[in-house]
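The values are calculated or read from the model by the stated rules, or taken from the named source; none is laboratory data. Bear in mind that the values here come from a model prediction, so they are computed numbers and not experimental data. Don't worry about glycine lacking a Cβ; one is built from the backbone with ideal geometry, like all the others, and counts go over all protein chains shown.
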């Protein structure tokens with residue numbers, strides 16, 4: 001897979017992001033803002049992530065507890081190790097397509113809108129968002145995942161597969177890349193039975209924010225501006 005290239009810092013966001021501790025019982029901190037690259041990066045650096053809210057708005061989340069996968073705690077079964085040999089692993093070769101496959105409306109719980117695909121593809125072109133792809137012997141894209149990397153932090157957003165174990169194999173490849181490049185925090189947002197089976201654990205918001213601050217410490221933060229509204 002290709003080597004990591006230094007990303008391009010976009011203009012800072014015009015929004016003043018709220019504190020993660022203001023989240024309600026659903027984990028929503030605020031509603032509003034935009035999906036500009038500077039806004040997305042400022043949000044991730046602050047411990048927030050976006051999801052669609054209604055037809056046109058964006059909600060910003062900070063769940064408590066938060067799900068993370070310890071980079072030394074990924075569970076790789078013997079069968080998964082065998083499955084890995086069936087795929088060709090690549091990174092950042094078809095980012096937008098991976099996102100669109102994750103956004104397939106036929107998938108249960110699908111939430112990724114065209115606006116999100118466009119926004120994260122812009123982030124990808126600046127070097128901040130990444131994908132891991134699994135190809136079968138015929139060269140078909142059969143699984144993958146995508147997320148955002150800021151220094152030693154990676155926010156996993158979504159994954160898909162059309163071949164057995166392909167998304168799990170992509171996750172194994174992601175963790176190996178993160179370990180090789182000295183990452184310290186892999187965020188997977190909310191715990192699910194699937195993620196728990198792979199080693200995901202729950203941590204408090206306070207503990208997560210401490211780990212995040214260490215992971216992104218060398219990066220600038222947004223300047224004050226307009227405030228999000230609930």
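Some notes on this structure:
- Which listed residue, of 149, 125, is free of Cβ contacts under 8 Å to residues at least 24 places away in the same chain and in the same structural domain as residue 185 (by TED's automatic domain parsing): 125
- Residue match in the stretch 73-80 (condition: modelled with pLDDT of 95 or more and either assigned to a strand (DSSP E or B) or under 28 Å from residue 138 (Cβ atoms) (or both)): no
- Qualifying position, being surrounded by fewer than 16 Cβ atoms within 10 Å (Cβ to Cβ), modelled with pLDDT of 95 or more and outside the structural domain of residue 160 (by TED's automatic domain parsing), among 31, 58: 31
- Subset tally (residues that are within 22 Å of residue 127 (Cβ to Cβ) and exposed (fewer than 14 other Cβ atoms within 10 Å of the Cβ)) for the stretch 6-25: 3
- Residues that are in a loop (DSSP other than H, G, I, E, B) and closer than 26 Å to residue 164 by Cα, drawn from the stretch 111-133: 111, 112, 113
- Of the criteria (1) assigned to a loop (DSSP other than H, G, I, E, B); (2) farther than 18 Å from residue 208 by Cβ; (3) in contact with a strand residue (DSSP E or B) (Cβ under 6 Å, 6 or more places away or on another chain), which one residue 59 fails: (1)
- The residues of the stretch 81-110 that are part of a loop (DSSP other than H, G, I, E, B) and either within 14 Å of the chain's Cα centre (by Cα) or modelled with pLDDT of 90 or more (or both), listed by number, are 85, 86, 87, 92, 93, 94, 103.
- Residue selected from the stretch 159-185 under the condition in contact with a helix residue (DSSP H, G or I) (Cβ under 6 Å, 6 or more places away or on another chain) and under 22 Å from residue 44 (Cβ atoms), by the criterion surrounded by the most Cβ atoms within 10 Å (Cβ to Cβ): 159
- Under the condition of being more than 17 Å from residue 208 (Cα to Cα), part of a loop (DSSP other than H, G, I, E, B) and touching a strand residue (DSSP E or B) at 6+ places or on another chain (Cβ under 7 Å), the residues counted in the stretch 10-56 number 4.
- Single match in 74, 89 (criterion: in contact with a helix residue (DSSP H, G or I) (Cβ under 6 Å, 6 or more places away or on another chain), touching a residue at least 60 places away in the same chain (Cβ under 8 Å) and under 28 Å from residue 203 (Cα atoms)): 74
- Qualifying residue in the stretch 198-208 (condition: closer than 23 Å to residue 95 by Cα, under 17 Å from the mean Cα position of the chain (by Cα) and modelled with pLDDT of 95 or more): no
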